[in-house]
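Scroll down for the structure; my scribbles are underneath it.
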Amino acid sequence: MWKKNKMNRISRIISTLLIVTLIGMTLLVISARVSGDEPQLFGYQFKTVLSGSMDPEFSTGSIILVKRINDTSTLIKGDVITFNQDGNNFVTHRVVEAVKNDGLTLYRTKGDNNENADMNLVLPENVVSKYTGFTVPFAGYLVNYAGSPIGVAILLIVPGLLLLGYAILTFRATIKEIESRTKSINLQ
């Protein structure tokens, strides 16, 4: 009996955590869609690394955690920043030099794996975020797959099937418990 109660408690905790996580992720994605921006939580965003320009700091297919910054005056040589390169293309490279020009600070950047610095200096208003140092290697491949039509279908179908299976198992366990209680009442 004690073992059964413990299993029920663990099952409820896991179910609650899954539901809270799903609701949180759903709200995060909906808020990003409504605002037209990428999903973020408390100013933090996950970015998928699309090239090997920053090897070995982080590899292609990794996910990195970046923090939005509004004040670029705190940036120094060695910081890794994400910037808007041409309106739609975001690049994450290391600051190799801060260049003062007519009272404005521009940033020269370079990918760690690139021989030369980037051709164009980065304007302060194009700096979007700063790398936090947190990386999940190769998780970006999974995220990109999840964003594809097949990935979306799988992400909807698999949890649905798992929830359905869980409901069936719970239903069967309840029926068995009712039957065993009915038998014990009939025996008395």
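Toward the positive end of the charge dipole of the chain, with +1 on the Cβ of Lys and Arg and -1 on the Cβ of Asp and Glu, the farthest Cα among Pro124, Gly140, Thr174 is that of Thr174.
Give the residue list of GluC sites (Glu not before Pro) in region 49-148 that are DSSP loop and have at most 13 other beta-carbon atoms within 10 angstrom. Hits after loop and neighbour filter: Glu115.
A crude spin-label estimate for the pair Leu41 and Asp55, with each label 7 Å from Cα along the Cβ direction, gives 3.1 nm.
Within the straight-line cut-off of under 12 Å between alpha carbons, the aspartates and glutamates reachable from Lys110 are Asp55, Asp79, Glu97, Asp118, sequence neighbours fewer than 8 places apart in one chain being disregarded. For the pair Val99 and Ile168, the difference between a 0.36 nm per residue extended length and the Cα-Cα distance amounts to 18.4 nm. In the chain, the longest principal axis of the Cα atoms and the axis of helix 2-35 are about 40 degrees apart.
Which is the longest run of the chain containing none of the chymotrypsin sites (Phe, Trp or Tyr not before Pro) found in DSSP loop states (not H, G, I, E, B) with at most 15 other C-beta atoms within 10 Å? With a cap of 15 other Cβ atoms within 10 Å, the longest stretch comes to 43-137.
Distances between placed amide hydrogens fall under 5 Å for Phe58 paired with no residue 5 or more residues away or on another chain.
Classify region 40-137 from the C-alpha gyration tensor, please: rounded if a/c falls under 1.5, else prolate or oblate depending on whether a/b exceeds b/c.
Oblate, because a/c is 1.5 or more while a/b does not exceed b/c.
Toward the positive end of the charge dipole of the chain, with +1 on the Cβ of Lys and Arg and -1 on the Cβ of Asp and Glu, the farthest Cα among Asn70, Gly151, Asn84 is that of Gly151. Only DSSP H runs of four or more residues enter the estimate; each adds -39500 (n - 2.57), and after division by the residues of the chain the mean residue ellipticity at 222 nm equals -15500 deg cm²/dmol.
Suppose R0 equals 35 Å. What FRET efficiency, 1/(1 + (r/R0)^6) with r the Cβ-Cβ distance, do Leu156 and Asn114 give to the nearest 0.05? Between Leu156 and Asn114 the formula returns 0.30.
Cα centroids of region 126-175 and region 47-80: how far apart, whole angstrom? That distance is 25 Å. Between the entries (1) 0.96; (2) 1.56; (3) 1.07, the label attached to Cα Rg over 2.2 N^0.38 Å calculated for this structure is (2).
Helix 149-187 versus the longest principal axis of the chain: what is the Cα-based angle in degrees, 0 to 90, to the nearest 10? Roughly 20 degrees between the two axes.
Just so you know, all these numbers are worked out from the coordinates, no wet-lab data involved. The structure displayed is predicted, hence computed values, not measured ones. With ideal geometry, Cβ positions are generated from the backbone for all residues, glycine too; neighbour counts draw on all protein chains shown.
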